[in-house]
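The values are calculated or read from the model by the stated rules, or taken from the named source; none is laboratory data. Note that the structure is predicted; figures quoted are calculated from it, not measured. Virtual Cβ from ideal backbone geometry, glycine too; neighbours counted across all protein chains shown. Ligands, DNA and RNA are excluded from the accessible area calculation, which covers all protein heavy atoms including side chains. Shrake-Rupley method; radii C 1.70, N 1.55, O 1.52, S 1.80 Å.
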Amino acid sequence: MKKMTYAEAIRDGMRVEMQRDANVYIAGEDVGKFGGCFGVTAGLFDEFPGRVLDTPISETAIVGHAVGAAAAGLRPVVEIMFIDFMGVCMDELFNQAAKMRYMFGGKAKVPMVVRTPCGGGMTASAQHSQCIEAWFTHIPGIKTIMPSTPADAKGLMAAAIRDDNPVMYIEHKQLLAMSGEVPEGEYVIPLGKADIKRAGSDVTIVAWSWMVHKALAAAEQLAKEGISAEVVDLRTLVPLDKECILQSVAKTNRLVVVNEAVRTSGFAGEIAAIVVEEGFDLLDAPIVRVTALDIPVPFNAKLEAVYLPNETKIIAAVKSLF
Amino acid sequence: MGDVTKEQLLDFYKTMLTIRKFEDKAAELFAAGRLPGFVHLYSGEEAVATGVCASLTNKDYITSTHRGHGHLIAKGGQVDKMMAELFAKVTGYCKGRGGSMHIADVDLGILGANGIVGAGQPIAVGAAFANQYLKNDAVSVCFFGDAASNRGTFHEALNLASVWKLPVIFVCENNRFGISMNQKDHMNIVDVSQRAISYGIPGVTIDGNDVAAVYETAKDAISRARKGEGPSLIECKTWRHYGHFQGDAGLYKDAQEQEEWLKKDPILKLEEKLKVLKFAKDTELKEIQQQIQGQIDAAVEFAENSPEPSPEDVLADVYAP
């Protein structure tokens, strides 16, 4: 094990895969010598000559070229500087990458990773703070990953690169500097395996990405008040570990889902629907969602704090179930 | 055009005629209500796909369009599997999952027809990048129409291809219409090839109904790309005989212009040339026509007699294992 930040762990995940497989390459805006807008690719340009490519500011060409390169045998890992820019290249992802295999009768494979940071709390305003993972989970043919710790970030990056499908690898800006123990060398976490980040018996809190840490902080506080919360970190939204969620709810009989995205049509609703359909008898109380408000992300820090989910809101949601 | 041999011209003739007869049959079947979905026919533009693909091998990639049947046949697609796909049968190229607008065969280097105008451009650039990265000497060709050169994908793809000096040839089939909209109303230039200037790559405009001209021009561009000298743009002026899709009567076309272009039919032009050069007699051409008609009829029979995909398999192939 080695202590590293979430950003370093993502980089280490890419580095190990690039060492393993000469067909893995990186492309994106300022990912080369500059090392990426958030420094995630720093040093790889020199370490892997000709395999870390700066692109023009052309998100459509970045994702679109990755589709062609992947279909032609490479394993591109492309960076979209902010997830908010995905609107510019959505056709390449949702009509091309996601559908090629099915439309072509199973003959093509499109092993590509789109790395992109999401999330708020940085006064980055409405076009640089969003959580739009539900856009991608709504498209069959794409896998969606949202790691919450450095170790998960590394292990899931390896799995994403080795996967033969288009993968949205969504980082969180708040987590990039977070540090933790990370296994050295090859380390792969299979996609579709949730992780119980804290065991508990009274209530299940399902979360992913930054919100896992909000849920853990809330659980800590709740423990002091005599409520034992179990925190389930989904890690990958597609494929989804339904079993883990249902098993936890079977134990606790109560469910709170925390999602940093806006409320309407968010992935928290999907989790709630699954548990109602497949685990209704397990529930002793209604399911509660803790989400952002249905508004564009406000710039002012006080307004943004009102917009975002936080420990206080999670604690209140949990208490409402008892 | 001294380089084009008798054998090549006869090969071109067979390919172009296969495309034409495939399209005529598709038109007939669609009008009779025997084909599901939409079909966009390539009739009138056969010289472009044929002339370009003549210099490609299975290692080279193409991206095609909604009007893709001609590209597929010219790149080596089998008419029976294509026809079966039009009929949505399990024996089709896509097992009946894609249809006319999504026929593909990665093994033949065909990265798919495409239902989104302009979507093939960045994909062709990516395939060209793979060729460059793998140093495999292969190229990719992107077919698209005049109207697709108005998409942002065109700009981003040509710019990136130029910056990275990729082995890709952008082939604009300028049939003068974006669906119903005349080129003069959808752009303020006459020659799409002018757009190459903005990206610092060569651009040329040629007669897209002259298969030998297309062949010679594309051969040079392809050879240039293979040598690592970068991308280029070829604009082929041509004309689609039918409407945008089957069912569109094309009433927005000027009748006189349509008549003039029909006289410039690339297949008629080639037949004339074959006869003038004494490469083929009428009787020989008739023989070829009958042979190809036989193949198309057999393709329809194969398609009609093929089974439909099974509903039990509907979930397969969403994800690669």
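Among A:69, A:207, A:292, the residue with the largest mean-square fluctuation in a Gaussian network model of chain A, with springs joining Cα atoms closer than 10 Å, is A:69. Its Cα centre serving as origin, the range A:104-262 has a Cβ charge dipole (Lys and Arg +1, Asp and Glu -1) of approximately 320 debye.
Atom-type composition of the exposed protein surface of chain A places 55 percent of the accessible area on carbon and sulfur (1.4 angstrom probe).
Taken residue by residue and averaged, Cβ atoms of other chains lying within 10 Å of the Cβ of A:76-89 number 1. Under the classification rounded if a/c is under 1.5, otherwise prolate if a/b is larger than b/c and oblate if not, where does chain B fall, given a ≥ b ≥ c as square roots of the Cα gyration tensor eigenvalues? It is rounded, given that a/c, with a ≥ b ≥ c, falls under 1.5. Over 18 Å between Cα atoms: which of A:214/A:242; A:154/A:193; A:2/A:154; A:107/B:25; A:99/A:154; A:2/A:214 fall into that group? Beyond 18 Å: A:214/A:242; A:107/B:25; A:99/A:154; A:2/A:214. Remark: mean inter-chain Cβ contacts per residue of A:50-57 equal 3, using a 10 Å Cβ-Cβ cutoff to other protein chain atoms. Remark on the protein assembly as shown: ratio of C-alpha radius of gyration to 2.2 N^0.38 Å is 1.08. Computed from the C-alpha gyration tensor, the three semi-axes of the ellipsoid equivalent to the range B:1-94 are 25, 15, 11 Å, from longest to shortest.
Considering only B:99, B:314, B:149, and ranking their Cα positions along the charge dipole of chain B that arises from unit charges at the beta-carbon of Lys, Arg, Asp and Glu, the one farthest toward the positive end is B:149. When the range A:195-320 is described by a simple charge dipole with +1 on each Lys and Arg Cβ and -1 on each Asp and Glu Cβ, the residue from A:266, A:239, A:217 located farthest towards its positive end is A:217. Past the 29 Å Cα-Cα mark, which pairs from B:263/B:286; B:95/B:286; B:75/B:264? Long pairs (Cα-Cα over 29 Å): B:95/B:286. How big is the antiparallel share of DSSP beta bridges in the range A:195-320, given as a percent to the nearest 5? So the antiparallel bridges amount to about 20 percent of the total.
Structural descriptor for the range A:218-322: relative contact order 29 percent, calculated from alpha carbon pairs under 8 angstrom and at least 6 residues apart.
Residue by residue along A:93-104, Cβ atoms of other protein chains within 10 Å of the local Cβ number 6 on average.
Once a ≥ b ≥ c are taken as the square roots of the eigenvalues of the Cα gyration tensor of chain A, is the result rounded (a/c under 1.5), prolate (a/b larger than b/c) or oblate (a/b not larger than b/c)? Here chain A falls in the prolate category. Using heavy atoms of the protein chains and a probe of 1.4 Å, the accessible area assigned to residue B:105 is about 10 Å².
Placing +1 on each Lys and Arg Cβ and -1 on each Asp and Glu Cβ, with no other charges, gives the protein assembly as shown a dipole about its Cα centre of roughly 640 debye.
When the listed pairs B:14/B:227; B:227/B:278; A:143/A:173 are checked against a 24 Å cut-off, the alpha-carbon distance exceeds it for B:14/B:227; B:227/B:278.
Leaving out same-chain residues fewer than 8 places away, which aspartates and glutamates sit with a Cα under 19 Å from that of residue A:313? Those aspartates and glutamates meeting the cut-off are A:202, A:220, A:225, A:230, A:233, A:260, A:294, A:304. Highest GNM mean-square fluctuation among A:245, A:295, A:287, for chain A modelled with Cα contacts below 10 Å: A:295.
For the range B:25-149, the Cα gyration tensor yields ellipsoid semi-axes of 25, 15, 13 Å (square root of five times each eigenvalue, largest first, whole Å). Computed from the C-alpha gyration tensor, the three semi-axes of the ellipsoid equivalent to the range A:195-320 are 22, 17, 13 Å, from longest to shortest. Charge dipole (Cα centre; +1 on Lys/Arg Cβ, -1 on Asp/Glu Cβ; no other charges) of the range A:2-182 amounts to roughly 480 debye. Packing, taken as the mean count of other beta carbons within 10 Å per residue, orders the peptides A:131-139, A:49-57 from highest to lowest as A:131-139, A:49-57.
The alpha-carbon of residue A:33 sits under 12 angstrom from the alpha-carbons of these aspartates and glutamates, leaving out residues fewer than 8 places away in its chain: A:46, A:47, A:54. Largest GNM mean-square fluctuation among B:276, B:125, B:106, using chain B with Cα springs under 10 Å: B:276.
What do you get for Rg/Rh over the range B:189-321 if you use C-alpha atoms and the Kirkwood form of Rh? Rg/Rh for the range B:189-321 comes to 1.09. Looking at the range B:6-303, the accessible area is 37 square angstrom per residue; that uses a 1.4 Å probe and ignores ligands, DNA and RNA. Its relative contact order, with pairs defined as Cα atoms under 8 Å and 6+ residues apart, puts the range A:2-182 at 28 percent.
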